[in-house]
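Q: Have a look at this one before I ask anything.
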Amino acid sequence: MQNPADETQLSIPEAVLLGHALVQRVADSLGIRAFFIKGPASVIQGLRLPKMSVDVDVFVPPADLAAMLDGLRERGWRERPVDPDERSFPRHSTTVDHPEWPCCIDVHYRFPGMEAAPGDSFDVMWAHTEVLELAGQEVRVPSKALGILILALHALRSHHLPASQQELGFLADLTERESRAAEILDISTAARSLAAMRPFLEELVSQPVEWPEPSTEWRNRLLAKEPGSARIIAIAQAPLRDKPKMLFRAVFPAPEVHLARNLYADMTFTGRLGQHKARWTRFLRALPRTVRDLSPLRRRGPAARSAGQLHR
């Protein structure tokens with residue numbers, strides 16, 4: 001016999017749509033400017049091929065992050081554990097979940113690849129948003145040009161993956177077909193994302209552009225393709241006095257490291273031993289590729305161009 005509770009359980013697509021409406025209402029009640037990125041809105045706008053979203057991605061000004069999280073906390077949402085090592089993993093969002101919702105909410109307050117101050121980047125983006133109706137609620141979403149910029153930056157972070165290459169090709173074709181390259185270039189210039197966007201934009205723009213060098217954070221993100229590589233990069237670049245503590249934490253991670261990967265990980269003594277074994281197995285299996293990918297660190301050359309241009 002079917003459990004009646006199962007019949008009322010939200011599916012993930014339902015939860016994602018209703019989650020957008022919930023977050024918009026929380027933001028409105030607190031007077032917070034908020035807009036939604038990626039997700040079902042990007043499919044409706046024609047910026048992505050149809051795909052199921054498994055979480056809600058909302059962008060708020062960094063100054064309003066705490067207020068937004070408090071508003072969600074009052075409604076039963078809780079912050080998920082995160083790796084405390086911010087040197088290896090610079091944060092750009094906070095993830096919250098709810099025991100009765102099958103999806104998470106990612107509250108973004110900055111976006112990797114945008115080198116302007118986070119508050120300034122938000123103001124640039126906010127000026128390029130529009131209204132869309134989702135789940136009976138009017139929500140703010142990026143304009144098409146800004147949406148392409150955000151999705152391209154997201155895909156460029158993992159440009160080596162086939163799914164990211166497919167998405168970048170789709171976005172490049174869309175940009176060319178709708179003649180949006182100049183507008184995307186203007187937003188990229190204002191948000192200081194030209195360096196990160198160069199592999200995407202260089203073949204699409206007709207005007208001469210002075211491309212800046214990418215930041216260390218962006219170069220590191222492009223290099224960190226395999227398990228453990230982000231920590232290796234951070235340790236290599238850290239001052240000598242910080243290296244021993246970072247090495248210790250790499251070998252003996254805090255409990256949050258395991259919980260960030262799996263919220264329901266077994267954290268008993270035996271369970272943690274199993275987590276350590278699985279972690280080292282992943283690292284050793286990926287070690288040959290890690291050594292190859294991190295070779296630009298030895299050459300100390302600009303690694304951002306390792307992304308190359310898009311070939312369509």
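Q: Would you confirm whether any residue within region 246-269 is surrounded by fewer than 14 Cβ atoms within 10 Å (Cβ to Cβ), in contact (Cβ under 8 Å) with a residue 60 or more places away in the chain and in contact with a strand residue (DSSP E or B) (Cβ under 8 Å, 6 or more places away or on another chain)?
A: yes
Q: While we're here: Can you give me the ranges of the helices (runs of 4 or more DSSP H) entirely in region 183-278 with at least 1 residues that are under 19 Å from the mean Cα position of the chain (by Cα) and more than 30 Å from A127 (Cβ to Cβ)? Outline the logic, then answer.
A: Numbers: elements: 194-201, 216-223, 229-237, 243-251, 255-261.
Correct list: 216-223, 229-237, 255-261.
Q: Hey, among H154, H159, H108, H98, which residue is without any contact (Cβ under 8 Å) to a residue 24 or more places away in the chain, open to solvent by less than 60 Å² (accessible area, probe 1.4 Å) and not β-branched (V, I, T)?
A: Details: H154 fails: without any contact (Cβ under 8 Å) to a residue 24 or more places away in the chain; H159 fails: without any contact (Cβ under 8 Å) to a residue 24 or more places away in the chain; H108 fails: without any contact (Cβ under 8 Å) to a residue 24 or more places away in the chain.
Selected residue: H98, the only one of H154, H159, H108, H98 that is without any contact (Cβ under 8 Å) to a residue 24 or more places away in the chain, open to solvent by less than 60 Å² (accessible area, probe 1.4 Å) and not β-branched (V, I, T).
Q: Something else about it: Looking at region 214-235, can you tell me whether even one residue there is surrounded by fewer than 16 Cβ atoms within 10 Å (Cβ to Cβ) and either among the aliphatic types (A, V, I, L, M) or over 20 Å from T290 (Cα atoms) (or both)? So that I can check it myself, show each step before the final result.
A: Our first condition is that a residue be surrounded by fewer than 16 Cβ atoms within 10 Å (Cβ to Cβ); within region 214-235, this holds for 216-217.
Right, trim to either among the aliphatic types (A, V, I, L, M) or over 20 Å from T290 (Cα atoms) (or both) and you get none.
No, the conditions are met nowhere in region 214-235.
Q: Give just the number: which of (1) hydrophobic (A, V, I, L, M, F, W, C); (2) surrounded by 18 or more Cβ atoms within 10 Å (Cβ to Cβ); (3) over 26 Å from A195 (Cβ atoms) does F122 not satisfy?
A: Of everything listed in (1) hydrophobic (A, V, I, L, M, F, W, C); (2) surrounded by 18 or more Cβ atoms within 10 Å (Cβ to Cβ); (3) over 26 Å from A195 (Cβ atoms), F122 misses just condition (3).
Q: Another question, then. Could you please find all residues in region 197-211 being touching a helix residue (DSSP H, G or I) at 6+ places or on another chain (Cβ under 6 Å) and open to solvent by 60 Å² or more (accessible area, probe 1.4 Å)?
A: Of everything in region 197-211, nothing turns out to be touching a helix residue (DSSP H, G or I) at 6+ places or on another chain (Cβ under 6 Å) and open to solvent by 60 Å² or more (accessible area, probe 1.4 Å).
Q: Can you find a residue that is open to solvent by 30 Å² or more (accessible area, probe 1.4 Å) and among the hydroxyl-bearing types (S, T, Y) anywhere in region 163-176?
A: Narrowing region 163-176 to residues open to solvent by 30 Å² or more (accessible area, probe 1.4 Å): 163, 165-167, 170, 173, 176.
Cutting the leftovers down to among the hydroxyl-bearing types (S, T, Y) gives us none.
No, region 163-176 contains no residue that is open to solvent by 30 Å² or more (accessible area, probe 1.4 Å) and among the hydroxyl-bearing types (S, T, Y).
The values are calculated or read from the model by the stated rules, or taken from the named source; none is laboratory data. Small disclaimer: the values here were computed from a predicted structure and weren't measured. We place every Cβ from the backbone using ideal geometry, glycine too, and count neighbours over all the protein chains shown. What goes into the accessible areas is simple: the full protein's heavy atoms, side chains included, and nothing from ligands, DNA or RNA. Shrake-Rupley method; radii C 1.70, N 1.55, O 1.52, S 1.80 Å.
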